[in-house]
Amino acid sequence: MRKALVTGSSRGIGKAIALELARRGYALAVHYAGNQAAAEATAAEAKSLGAPQVVVLGADLSNPQAAQKLVAEAHAALGGLEVLVNNAGITRDTLLIRMKDEDWDAVIATNLSAIFHTTREAIKLMMRAKWGRVINITSVVGILGNPGQANYVAAKAGLIGFTKAVAKEYATRGITVNAVAPGFIESDMTAKLPEAVVAEYLRQIPAGRLGRPEEVAKAVAFLASEDAAYITGQTLCVDGGLTPH
Ligand code: NAP
């Protein structure tokens, strides 16, 4: 039985990832920042879908100590930790000249530095187990850029570089490190966008629709599996054809 921690699994894409791993028989640590009731609901659904063990853990990942502690707690509660999905993320969108220091710092802390802190802890545990999977949820905007999101794009592009570097460090140890880059996915994050912005995105997406959280979750579950053992350092776009390669 594999044991997985999915950060930010109270809602949205993280919730879909937790539920997909539950269907595949993983023991799970469901994580939230402030929304405990939603995390408890994810946990109940995960159990009903077949997860043999589910724990619910809260942590503000913008706090480095809390991020490190979360990994230790998940490991202790599940009796091991083989899969870490760094999914939690925030936006503080505005044009660069209006962007406050706090907007920059909050996004870098939550979307980039937190992943350094959780991954460093998890890799130590995975090295002992000689098996591990780290999957970082970045974004297509980390590849393409996007106006109004200099902080978010910098964090998500940084995460792609971090993924490549850490993948190379631990490739001989049975540990893979990959990124999944969702395009525009139906969630609370994109529900905040103005209608005109969504219409413009739809015009650009070859598939002609937004993605669903479940479609991102399937890609994550594949990368977490034994079948993906020879894939590391990659960024898999789940974006309806938006990103050219
Ligand atoms: P969402 O619905 O807004 O959910 C965000 C999750 O992150 C929630 O579980 C939230 O916990 C958690 N979180 C927020 N701030 C946190 C903090 N300081 N510490 C710890 N956890 C925190 O987001 P989503 O749309 O599912 O996005 C999930 C990931 O996919 C993010 O990394 C996002 O950047 C990425 N992504 C999303 C899209 C998209 O179109 N939606 C596209 C590309 C990439 P609470 O519920 O407790 O607040």
Legend entry - Pair list, Cβ under 7 Å, 6 or more apart: the stretch 33-57 residue open to solvent by 30 Å² or more (accessible area, probe 1.4 Å), other residue hydroxyl-bearing (Ser, Thr, Tyr): Asn35/Ser10
Legend entry - Test for Thr138: is it more than 8 Å from the ligand (Cβ to nearest atom) and β-branched (Val, Ile, Thr): no
Inset, instruction - Would you mind stating whether Ala150 is away from the ligand (no atom under 14 Å from the Cβ), among the small types (Gly, Ala, Ser) and without any contact (Cβ under 8 Å) to a residue 24 or more places away in the chain? - result: no
Inset, instruction - Mind telling me which of the residues Thr138, Thr172 ends up being of a type in the set (Ser, Thr, Tyr) and in contact with a Lys or Arg (Cβ under 7 Å, 6 or more places away or on another chain)? - result: Thr138
Legend entry - Tally of residues being of a type outside the set (Gly, Ala, Ser) and away from the ligand (no atom under 15 Å from the Cβ) across the stretch 182-232: 9
Legend entry - Looking only at the stretch 190-245, and only at residues there that are out of contact with any Pro (no Cβ under 8 Å at 6 or more places or on another chain) and on the phi > 0 side of the Ramachandran plot, the one that is least open to solvent (accessible area, probe 1.4 Å): Gly233
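The values are calculated or read from the model by the stated rules, or taken from the named source; none is laboratory data. What you see is a predicted model, and the numbers here were worked out from it, not measured in a lab. All Cβ positions, even for glycine, are placed from backbone atoms using ideal geometry, and neighbour counts span all protein chains on display. Side chains are part of the model used for accessible areas, which takes the heavy atoms of the whole protein and leaves out ligands, DNA and RNA. Shrake-Rupley method; radii C 1.70, N 1.55, O 1.52, S 1.80 Å.
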